Amino acid sequence: MGNMKKLIFALSIMAVAVSAQAGGLLHNTNQHIAFQRMMARGASNEIDAVYTNPAGIAFMDHNGWALSLNIQSAYQTRNIDATVMTPAGMGLFPNDTFNKKYKGNAAAPILPSAYAVYKTPKWSVSGFIGVVGGGGKATFDDGLPLFDVAVMAGLYQGSAALAPLLGGRFTPDLYHLDSYMRGKQYIFGGQLGFSYKINEHFSGFAGFRANYFTGNYTGHVNATANAILAARMEQISISYPQYASVLTPMMAENGLAHVAIDCTQTGWGITPILGVNFKWRGLTVAAKYEFKTNLNIENDTKVLDAPSGFEEKMEPYKHGVNTPSDMPSVLYAAVGYEFIPNKLRGTVEYHYYDDKHADMAGAKNKELKHGTHEILAGVEWDINKTFTVSAGFQRTDYGLSDKYQSNTSFSCDSYSIGLGGAINVSKNVKVNLGYFWTTYTDYKKEMTVADGGYNGVSAALPGTDVYSRTNKVFGAGVDFKF
């Protein structure tokens with residue numbers, strides 16, 4: 001039984017630790033409510049351009065101070081529909097199949113951001129603070145399938161020696177499984193830069209963003225014998241005293257299996273940023289480039305319940321250990337056109353995130369088929385001097401692969417639609433309101449015996465995971481000019 005419990009611990013700790021790694025695919029581009037309601041803002045020369053098109057600030061129609069305050073609320077679900085099979089007659093699962101849908105809820109009820117600009121006819125200085133990556137908490141009240149299957153398979157395999165005495169191996173009908181996983185992850189960013197208007201058509205930007213990563217991951221897996229199994233073990237320990245030293249601890253609370261982790265991670269990095277903007281009559285062509293951010297995160301581990309004998313495997317997750325978690329370089333390019341002066345305008349935009357060259361723990365980035373591609377389009381119409389309405393679309397393709405996806409870190413290709421508007425309360429005050437939702441494409445990961453079985457838990461257990469997500473974001477903000 002000792003080897004079985006070590007196996008359970010090792011597999012479960014490896015699984016938990018994956019969730020503690022951050023990498024690409026974590027940028028939050030919805031920093032301003034104008035993005036929520038239009039999506040494509042890469043050709044903007046309003047105050048939201050501080051983030052979306054910083055060189056465009058040089059063409060903002062106001063000299064002096066401008067400020068913007070925004071609050072968003074994001075709500076997501078992250079679900080895993082797990083199916084695991086066993087060879088006929090093995091007896092681990094009823095009807096040789098385990099199927100369960102694990103539901104995760106993620107929420108970031110308050111995501112603030114703030115912008116500031118001081119502009120002169122030739123040059124401008126601008127700043128921004130917000131949550132540029134991560135951005136929420138996720139809770140799986142029933143844990144994750146990787147945890148459960150690892151424990152169930154380990155208990156079944158490790159109980160072979162006791163099977164003749166107990167009348168069979170440990171199967172899920174003989175114990176209670178209590179699993180739980182919670183994680184939170186934020187990357188706070190503070191940006192500062194300078195824009196310069198070269199002439200009536202061209203402007204440029206140079207600046208940087210300081211990023212601070214903070215995350216916490218807490219979880220456990222406990223397996224406890226039910227009344228039937230406990231009675232059997234107690235009877236055997238009485239009838240066969242030589243087994244008492246093995247069976248008595250197993251009858252205690254969480255005696256069959258216990259895994260727990262409580263790990264906080266922090267780190268920081270600097271992102272250099274360059275931007276250019278071309279403006280001619282109603283046409284704007286703009287681009288921004290963010291260099292790769294070298295980001296290492298350090299563990300502050302308070303709980304890591306694991307047995308001896310697996311120090312090497314658990315070394316990356318111990319207290320004080322650093323792991324790479326780079327933010328990728330990103331290219332933003334946009335073309336905007338004002339179809340009716342001061343009335344109707346639209347923008348098309350492209351983003352490329354070079355995730356394959358942003359180091360992640362375990363070199364996971366190399367498993368991606370390609371970096372992330374995003375295509376955006378948006379339109380904005382001024383109904384009159386007071387009211388503006390807008391809508392937009394975004395399509396995201398991550399280049400995912402089976403080897404990249406895991407229970408503790410998965411993504412799904414998607415498209416988003418944004419709607420909203422703005423109210424010019426006065427000449428110098430604008431209120432923005434926006435809402436967007438995201439529709440995801442389910443990702444099915446198939447794991448065969450030849451691939452090493454279900455998530456590497458056991459080569460004898462093939463299975464599938466179907467990953468699905470939902471997302472909706474509300475927001476409101478106020479722009480000021482002084």
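One residue is enough: does the stretch 166-182 have a residue meeting the conditions farther than 30 Å from Ile228 by Cβ, touching a Gly at 6+ places or on another chain (Cβ under 9 Å), surrounded by 16 or more Cβ atoms within 10 Å (Cβ to Cβ) and not charged (D, E, K, R)? For the stretch 166-182, residues farther than 30 Å from Ile228 by Cβ, touching a Gly at 6+ places or on another chain (Cβ under 9 Å), surrounded by 16 or more Cβ atoms within 10 Å (Cβ to Cβ) and not charged (D, E, K, R): absent. Of all residues in the stretch 452-462, which are in contact (Cβ under 8 Å) with a residue 40 or more places away in the chain, surrounded by fewer than 18 Cβ atoms within 10 Å (Cβ to Cβ) and not aliphatic (A, V, I, L, M)? Scanning the stretch 452-462 gives a single hit, Gly456. Tell me, yes or no, whether the stretch 442-450 has at least one residue that is closer than 25 Å to Asp326 by Cα, at pLDDT 95 or above and of a type outside the set (Lys, Arg). So far as the stretch 442-450 goes, yes, one or more of its residues are closer than 25 Å to Asp326 by Cα, at pLDDT 95 or above and of a type outside the set (Lys, Arg).
Does any residue of the stretch 142-160 turn out to be more than 30 Å from Asn28 (Cα to Cα) and charged (D, E, K, R)? Yes, because at least one residue in the stretch 142-160 is more than 30 Å from Asn28 (Cα to Cα) and charged (D, E, K, R). Scanning the stretch 183-212 for residues that are over 30 Å from Lys103 (Cα atoms), of a type in the set (Phe, Trp, Tyr) and surrounded by fewer than 18 Cβ atoms within 10 Å (Cβ to Cβ) returns Phe194, Tyr196, Phe202, Phe208. The requirement of being in contact with a strand residue (DSSP E or B) (Cβ under 7 Å, 6 or more places away or on another chain), more than 14 Å from Ser195 (Cα to Cα) and among the polar types (S, T, N, Q) is not satisfied by Ser126. The strands (runs of 3 or more DSSP E) located wholly in the stretch 329-438 that include 3 or more residues which are over 28 Å from Gln76 (Cα atoms) and touching a residue at least 60 places away in the same chain (Cβ under 8 Å) occupy 330-340.
Here Ser126 clears all of (1) under 21 Å from Lys481 (Cα atoms); (2) among the hydroxyl-bearing types (Ser, Thr, Tyr); (3) modelled with pLDDT under 90 except the condition numbered (3). When the criteria are applied in full, Ser113 fails the requirement of being farther than 30 Å from Ser411 by Cα and in contact (Cβ under 8 Å) with a residue 60 or more places away in the chain. Could you please let me know if Gly420 is modelled with pLDDT of 95 or more, among the small types (Gly, Ala, Ser) and on the phi > 0 side of the Ramachandran plot? Yes.
Taking first residues from the stretch 236-248 that are exposed (fewer than 13 other Cβ atoms within 10 Å of the Cβ) and partners that are assigned to a helix (DSSP H, G or I) and of a type in the set (A, V, I, L, M, F, W, C), the Cβ contacts under 9 Å between residues at least 6 apart in sequence or on separate chains come to Ile238/Ala244; Ser239/Leu165; Tyr240/Leu165; Tyr240/Leu247.
Restricting Ser159, Ser203, Ser245, Ser195 to residues that are out of contact with any Leu (no Cβ under 8 Å at 6 or more places or on another chain), at pLDDT below 90 and hydroxyl-bearing (Ser, Thr, Tyr) narrows the list to Ser245. With respect to Asp465, is the statement that it is among the charged types (D, E, K, R), within 30 Å of Gly154 (Cα to Cα), in contact (Cβ under 8 Å) with a residue 60 or more places away in the chain and surrounded by 15 or more Cβ atoms within 10 Å (Cβ to Cβ) true? The answer is yes for Asp465. Is at least one residue of the stretch 434-449 under 30 Å from Asn384 (Cβ atoms), surrounded by 14 or more Cβ atoms within 10 Å (Cβ to Cβ) and of a type outside the set (A, V, I, L, M, F, W, C)? There is at least one residue in the stretch 434-449 that is under 30 Å from Asn384 (Cβ atoms), surrounded by 14 or more Cβ atoms within 10 Å (Cβ to Cβ) and of a type outside the set (A, V, I, L, M, F, W, C).
The values are calculated or read from the model by the stated rules, or taken from the named source; none is laboratory data. Source: prediction; values computed, not measured. Counting neighbours? That spans all protein chains shown, and the Cβs are built from the backbone with ideal geometry, glycine included.
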